There are 2 protein chains.
Amino acid sequence: MKDRIANFSAGPAVLPEEVLREAQKELFNYKGLGLSVMEMSHRSKAYQEIIDDAMNRAKRIMNLGDNYDVLFLGGGASLQFLMVPMNLCPEGKVGNYINTGTWSNTAIKEIKKIGKQCHVAATSEDTNFSFIPKEFKLSENPAYLHYTTNNTISGTEFKYIPEVGDLPLIADMSSNFLSKPMDYAKHALIYAGAQKNIGPAGVTMVVIRKDMQEKFNTGLPTMLSYKTHIDKGSMFNTPPCFPIYMVGLVLKWIEDMGGLAAVEKHNIEKAGLIYNVIDNSEFYRSPVNTEDRSLMNIVFRLPSEDLEKKFVAEAAENGMSNLKGHRSVGGCRASTYNALPMTACQQLAEFMVEFEKNNK
Amino acid sequence: MKDRIANFSAGPAVLPEEVLREAQKELFNYKGLGLSVMEMSHRSKAYQEIIDDAMNRAKRIMNLGDNYDVLFLGGGASLQFLMVPMNLCPEGKVGNYINTGTWSNTAIKEIKKIGKQCHVAATSEDTNFSFIPKEFKLSENPAYLHYTTNNTISGTEFKYIPEVGDLPLIADMSSNFLSKPMDYAKHALIYAGAQKNIGPAGVTMVVIRKDMQEKFNTGLPTMLSYKTHIDKGSMFNTPPCFPIYMVGLVLKWIEDMGGLAAVEKHNIEKAGLIYNVIDNSEFYRSPVNTEDRSLMNIVFRLPSEDLEKKFVAEAAENGMSNLKGHRSVGGCRASTYNALPMTACQQLAEFMVEFEKNNK
């Protein structure tokens with residue numbers, strides 16, 4: 001078996017080789033301190049430096065000022081589906097959501113489940129989420145507008161930031177977080193599960209503009225209140241220390257690469273290799289609107305489900321793993337997150353051409 | 001700097017050297033599969049084997065049958081302070097708690113915060129939690145009895161399991177989980193943050209007897225419902241994959257050592273070395289009842305706070321770290337979890353004798 005497969009997993013996903021090597025090197029003895037990061041008290045000076053470094057890098061990369069707090073929380077983005085309305089949708093106001101796929105839908109279900117008012121401001125559900133709505137209609141008394149910047153399952157991505165004036169804009173960026181430059185400061189709150197673009201599973205980054213604190217609902221359960229975690233710098237209780245350390249290493253890798261402009265250039269080239277094969281073929285077909293295609297999750301179909309099965313299996317035999325589409329939609333999917341090397345996309349593009357030739 | 005310090009941290013805490021070496025070895029390329037555990041889809045066969053293995057080992061070590069489910073959740077034990085009453089204290093019933101320290105107290109605060117009825121069935125708060133109550137008095141209509149098997153901050157430990165007949169017995173075992181053989185099956189629900197005895201921070205093990213499912217409250221937020229996680233085998237959303245993998249390695253280490261009887265023997269010897277110095281000294285003093293002393297967190301005082309400061313600093317200079325007591329109680333504390341080597345306790349015991357001689 002090769003040292004490294006081409007890992008197209010939608011998440012948990014490929015991490016930068018340099019980051020893994022670094023983590024491996026210092027896993028047993030972190031910088032000569034005589035212990036692993038996993039063994040450090042979260043109240044120690046050494047660990048405080050690690051988490052501070054990760055927070056500062058995140059803000060620097062997003063070009064955010066001191067009017068933002070960065071939190072590292074457990075529970076996954078799924079817990080944010082609950083925490084967002086719990087903290088930011090008061091009695092008498094309405095959580096507004098753009099529905100662009102499975103995960104927006106799940107967020108919508110959750111606000112309804114806790115008995116808050118919800119309005120779907122735009123949706124592409126009728127076409128199986130094949131496009132990104134370009135317009136939306138807010139409700140009366142909106143509390144915020146929530147959208148999902150990239151749709152991991154359907155393979156679409158927002159190429160614009162919704163204009164909402166003074167209304168708080170909230171984004172689930174899990175699957176394209178820090179994949180490109182963007183006016184992050186247009187958002188009141190951003191959250192992202194780490195396990196796609198910025199680290200391993202087990203930590204979710206939450207970025208909150210400080211003025212949101214005036215809007216927080218009170219009397220919430222301690223662990224579900226953003227205020228708890230802001231006031232204690234993500235150290236109200238023991239945070240997921242090692243996943244946060246890994247996020248810090250990935251953020252350093254992004255900065256070392258040259259920041260988000262360099263990252264985006266690389267991502268465009270990589271995804272381009274695969275979209276190019278799809279566009280020049282009548283064998284492969286993209287189920288989504290061309291202009292809304294995701295740079296991170298390339299969803300495509302083959303002429304039949306049998307061929308899709310064969311494609312996924314043969315690719316795996318050739319060291320390209322996780323090309324099966326999400327179980328809810330079928331088809332094929334190549335996730336090409338930041339850390340996926342160019343060579344993996346080249347290999348896949350060549351394999352696709354070859355497979356088409358052999359199976360047309 | 002030495003390769004390994006003697007790490008007396010109360011958590012995150014020392015991990016077994018063998019476990020760290022194994023994790024380091026396969027961090028870049030897990031068992032020749034060409035990727036890190038951190039890069040595996042949680043839906044992959046390889047990862048399913050990892051989590052299944054950890055669950056099965058946990059049940060085997062605790063001698064629990066198929067009438068128990070093992071969950072791996074994010075959010076820490078602090079989230080369990082909320083989830084327990086939310087799921088298991090219905091309208092009209094009363095959550096009963098034994099209050100033996102800071103963490104029981106925090107659990108009590110949380111059930112009150114969400115407006116459920118709470119009764120303190122026994123407490124040692126009056127004596128600053130210096131002992132473990134031997135009796136308790138349940139309320140009318142109790143939903144369950146909750147207790148904290150080991151008190152990390154005050155340094156006391158239950159040496160008995162409360163007898164509650166058919167009433168569900170719930171235990172926060174975070175700081176002495178799997179440190180000794182015990183009739184685990186007397187419990188309806190056990191939870192433990194991993195970062196003391198069974199792994200790194202970022203995952204909490206929850207063990208639930210299947211008959212509790214009939215008692216679960218319904219209509220809960222998705223991520224806060226035990227049923228959600230039981231039904232999906234801890235895979236409703238992406239779990240904290242790498243911390244779970246580490247827990248699996250630690251559980252294997254426990255089994256390889258010979259299970260809990262061997263672990264306890266080792267722990268008694270280790271703690272004995274330090275308690276022995278305290279008992280044979282008029283310089284060191286234990287603030288807790290002798291019979292209730294913890295095997296895991298050895299709390300002690302010196303004649304003055306200045307001497308305590310000096311003690312902690314000199315110990316650190318000699319490679320023994322984290323001997324400062326919790327900031328809420330002061331004094332000194334040596335945490336001697338499963339993974340702490342005998343040599344660390346020998347070193348500390350010798351240092352204590354020497355320090356007494358030099359500072360009496």
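For this structure, a couple of remarks:
- Residues satisfying the stated conditions in segment A:211-225, i.e. under 24 Å from B:Ala201 (Cα atoms) and either charged (D, E, K, R) or crowded, with 24+ Cβ neighbours inside 10 Å (or both): A:Met223
- Of all residues in segment A:239-265, those satisfying the criterion of being of a type outside the set (A, V, I, L, M, F, W, C), at negative phi and open to solvent by 30 Å² or more (accessible area, probe 1.4 Å) are A:Lys252, A:Glu255, A:Asp256, A:Glu264, A:Lys265.
- Segment B:144-165, residues that are more than 19 Å from B:Val299 (Cβ to Cβ), open to solvent by 10 Å² or more (accessible area, probe 1.4 Å) and of a type outside the set (Val, Ile, Thr): B:Tyr160, B:Glu163, B:Gly165
- Selection status of A:Glu26, touching a Phe, Trp or Tyr at 6+ places or on another chain (Cβ under 7 Å) and within 14 Å of chain B (Cβ to nearest Cβ): no
- Filter result for B:Ser179 (away from chain A (no Cβ under 14 Å) and either within 30 Å of B:Tyr245 (Cβ to Cβ) or in contact with a strand residue (DSSP E or B) (Cβ under 8 Å, 6 or more places away or on another chain) (or both)): yes
- Residues that are more than 7 Å from chain A (Cβ to nearest Cβ) and within 20 Å of the chain's Cα centre (by Cα) were ranked within segment B:12-23; the one that is farthest from B:Gly325 (Cα to Cα) is B:Val19.
- Of the strands (runs of 3 or more DSSP E) lying entirely inside segment B:48-145, the ones with 2 or more residues being within 24 Å of B:Lys210 (Cβ to Cβ) are found at B:68-73, B:94-99.
- The set of residues in segment B:208-229 that are more than 18 Å from B:Gly95 (Cα to Cα) and within 13 Å of chain A (Cβ to nearest Cβ) comprises B:Gly219, B:Pro221, B:Thr222, B:Met223, B:Thr228, B:His229.
- Criterion violated by A:Asn7 - all others in (1) in contact with a strand residue (DSSP E or B) (Cβ under 8 Å, 6 or more places away or on another chain); (2) modelled with pLDDT under 95 satisfied: (2)
- Single residue of A:Ile208, A:Ile198 found to be at pLDDT 95 or above, buried (at least 19 other Cβ atoms within 10 Å of the Cβ), within 11 Å of A:Tyr68 (Cα to Cα) and not charged (D, E, K, R): A:Ile208
- When segment A:282-307 is filtered for residues that are farther than 28 Å from A:Lys134 by Cα and of a type in the set (Gly, Ala, Ser), only A:Ser304 remains.
- Selected residue (criterion: most open to solvent (accessible area, probe 1.4 Å)) from residues of segment A:1-24 that are within 21 Å of A:Pro240 (Cβ to Cβ) and not in a loop (DSSP other than H, G, I, E, B): A:Glu22
- Every pair of residues 6+ apart whose Cβ atoms lie under 7 Å, when the first sits in segment A:184-207 and is within 13 Å of chain B (Cβ to nearest Cβ) and within 11 Å of A:Ala58 (Cβ to Cβ) while the second is part of a loop (DSSP other than H, G, I, E, B) and open to solvent by 10 Å² or more (accessible area, probe 1.4 Å): A:Ala192/A:Ser174
- Considering A:Val37, A:Val70, the condition of being more than 8 Å from chain B (Cβ to nearest Cβ), within 18 Å of the chain's Cα centre (by Cα) and crowded, with 18+ Cβ neighbours inside 10 Å is satisfied by A:Val70 alone.
- Selection within segment B:25-34 - assigned to a loop (DSSP other than H, G, I, E, B) and in contact (Cβ under 8 Å) with a residue 12 or more places away in the chain: B:Leu33
- Check on A:Gly95, more than 10 Å from chain B (Cβ to nearest Cβ), open to solvent by less than 30 Å² (accessible area, probe 1.4 Å) and in contact (Cβ under 8 Å) with a residue 40 or more places away in the chain: yes
- Matching entry among B:Asn338, B:Asn318 (being buried (at least 21 other Cβ atoms within 10 Å of the Cβ), at pLDDT 95 or above and not hydrophobic (A, V, I, L, M, F, W, C)): B:Asn338
- The set of residues in segment A:40-67 being closer than 29 Å to B:Gln80 by Cα, away from chain B (no Cβ under 12 Å) and either open to solvent by 20 Å² or more (accessible area, probe 1.4 Å) or not aliphatic (A, V, I, L, M) (or both) consists of A:Gln48, A:Glu49, A:Asp52, A:Met55.
The values are calculated or read from the model by the stated rules, or taken from the named source; none is laboratory data. All of these numbers come straight from a predicted model, not from anything done at the bench. Virtual Cβ from ideal backbone geometry, glycine too; neighbours counted across all protein chains shown. Accessible surface areas use protein heavy atoms only, side chains included; no ligands, DNA or RNA. Shrake-Rupley method; radii C 1.70, N 1.55, O 1.52, S 1.80 Å.
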